[in-house]
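Laboratory data are not the source of any read-out in this text; all were calculated from the coordinates shown. Computed from a predicted model, the values in this text were never measured in an experiment. Positions of Cβ are backbone-derived with ideal geometry, glycine not excepted, and every protein chain shown enters the neighbour counts.
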Amino acid sequence: MTTIIEALELGTSTLIEAGQPVPRLDAQVLLGHVLQVDRATLIASPGLLLTAEQERQYRLLLERRKRGEPLAYLVGHKEFFGLDFYVDKRVLIPRPETELLVEAAIKIVRALLANGLTPVLADIGTGSGIIPITIAVQVPGLPYLYASDISSEALEVARINCQRHSVEQRVRLVHSDLLSALPEPLDILTANLPYVGTDEKEILAPDVLGYEPHLALFSGTQGLDLLERFFKEAQQSGKLKEHAVLLLEIGYQQRERLVHLLSNLWPQSSVTFEKDYAGWDRLLKVVL
Ligand SMILES: C[S@@+](CC[C@H](N)C(=O)[O-])C[C@H]1O[C@@H](n2cnc3c(N)ncnc32)[C@H](O)[C@@H]1O
């Protein structure tokens, strides 16, 4: 029979051996997941005994973590913007830097609503749905918004999250290649599309490269193929309203190429960038 403290010691040493960077925290999260308790409860009950079934499940999870499987897939959820989202291997794991984009979108939507306008917003490449669902939760006065993805598997995960956060009546899921299937003209576009280059594969962490969907990560050799097609199609599609706002997460070396492209597509537009917590240009804002 194993106690909580013994299980945590086993987990920590197993993950240290495997070279995992935060072994103790990972062991606590995995054991907490198996026992369905939070970390504080684990720490407060070191002598509590695990059942044989709990120990078996814990050892299985440790094995998977040891091989590099991301913690969020092992426990089936990830926090984003203070909300808890279901995730599995069909979607990218939400990243904290995407909160910048969501904060900017919420600010714009609230300002328009305060002025008596009701914007039509679409999130392109929605994955687990974190962007539109967070906006819907934070701005209850927005009647509806669109969330699209080319991956029907990702849309199934987004549907689970819409239900989890009770916004399934307001977030309209659309299976679409970029803007093609969106049914009406738009005021605001948000997008965190794949922007990693296949040239950068060797600098990606093995957890990311080995487990997250490549459709959500890669876009051509320099990560720009889909972003460029997105802007060109947005310009030609006639689906953007006159003073539409586009908010996109971008890669850290993409600013110059995108400025060049945007100045050709929309010479009159305002193009600004915001840096992430690491100091990289991460959020691109285009106002037409
Ligand atoms: C980087 S992930 C972002 C997921 C989510 N928005 C987030 O921020 O966590 C990119 C998403 O774009 C989707 N995607 C890739 N190509 C696409 C395309 N041509 N049209 C629409 N979505 C696409 C992928 O399936 C994936 O879900």
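Of (1) in contact (Cβ under 8 Å) with a residue 60 or more places away in the chain; (2) in a loop (DSSP other than H, G, I, E, B), Tyr252 satisfies all except one. Which?
The single condition Tyr252 does not satisfy is (1).
Looking only at the range 264-288, filter to residues that are within 14 Å of Leu240 (Cβ to Cβ) and not in a strand (DSSP E or B); which one of those is nearest to the chain's Cα centre (by Cα)?
Leu288
Please enumerate the residues belonging to the range 164-203 that are out of contact with any Gly (no Cβ under 6 Å at 6 or more places or on another chain), of a type in the set (A, V, I, L, M), within 15 Å of the ligand (Cβ to nearest atom) and assigned to a loop (DSSP other than H, G, I, E, B).
Across the range 164-203, the qualifying residues are Leu178, Leu179, Ala181, Leu182.
Any residue in the range 98-115 that is outside any helix (DSSP H, G or I), more than 11 Å from the ligand (Cβ to nearest atom) and of a type outside the set (Ser, Thr, Tyr)?
Taking every residue of the range 98-115 in turn, at least one turns out to be outside any helix (DSSP H, G or I), more than 11 Å from the ligand (Cβ to nearest atom) and of a type outside the set (Ser, Thr, Tyr).
Scan Ala104, Ala205, Ala122, Ala111 and give me the residue that is closer than 21 Å to Ile250 by Cβ, loosely packed, with under 14 Cβ neighbours inside 10 Å and more than 15 Å from the chain's Cα centre (by Cα).
Ala205 is the lone residue from the list that is closer than 21 Å to Ile250 by Cβ, loosely packed, with under 14 Cβ neighbours inside 10 Å and more than 15 Å from the chain's Cα centre (by Cα).
Consider Gln36 carefully, then state whether it is among the polar types (S, T, N, Q) and in contact (Cβ under 8 Å) with a residue 12 or more places away in the chain.
no
Please verify whether Asp149 is within 14 Å of the ligand (Cβ to nearest atom) and crowded, with 24+ Cβ neighbours inside 10 Å, treating the condition exactly as stated. Reasoning before the result, please.
Values: within 14 Å of the ligand (Cβ to nearest atom): yes; crowded, with 24+ Cβ neighbours inside 10 Å: yes.
Yes: the conditions hold for Asp149.
Quick check on the range 134-141. Is at least one of its residues free of Cβ contacts under 8 Å to residues at least 24 places away in the same chain, of a type outside the set (Ser, Thr, Tyr) and surrounded by fewer than 16 Cβ atoms within 10 Å (Cβ to Cβ)?
Checked the range 134-141: at least one residue is free of Cβ contacts under 8 Å to residues at least 24 places away in the same chain, of a type outside the set (Ser, Thr, Tyr) and surrounded by fewer than 16 Cβ atoms within 10 Å (Cβ to Cβ).
Looking at (1) in a loop (DSSP other than H, G, I, E, B); (2) within 13 Å of the ligand (Cβ to nearest atom), which one does Pro140 not meet, given that it meets all the others?
With respect to (1) in a loop (DSSP other than H, G, I, E, B); (2) within 13 Å of the ligand (Cβ to nearest atom), Pro140 is out only on (2).
For the range 219-249, how many residues meet the condition of being in contact (Cβ under 8 Å) with a residue 60 or more places away in the chain, under 26 Å from Trp280 (Cβ atoms) and more than 12 Å from the ligand (Cβ to nearest atom)?
Total satisfying the criteria: 1.
Find the residue count for the range 58-74, including only residues that are crowded, with 16+ Cβ neighbours inside 10 Å and assigned to a loop (DSSP other than H, G, I, E, B).
3
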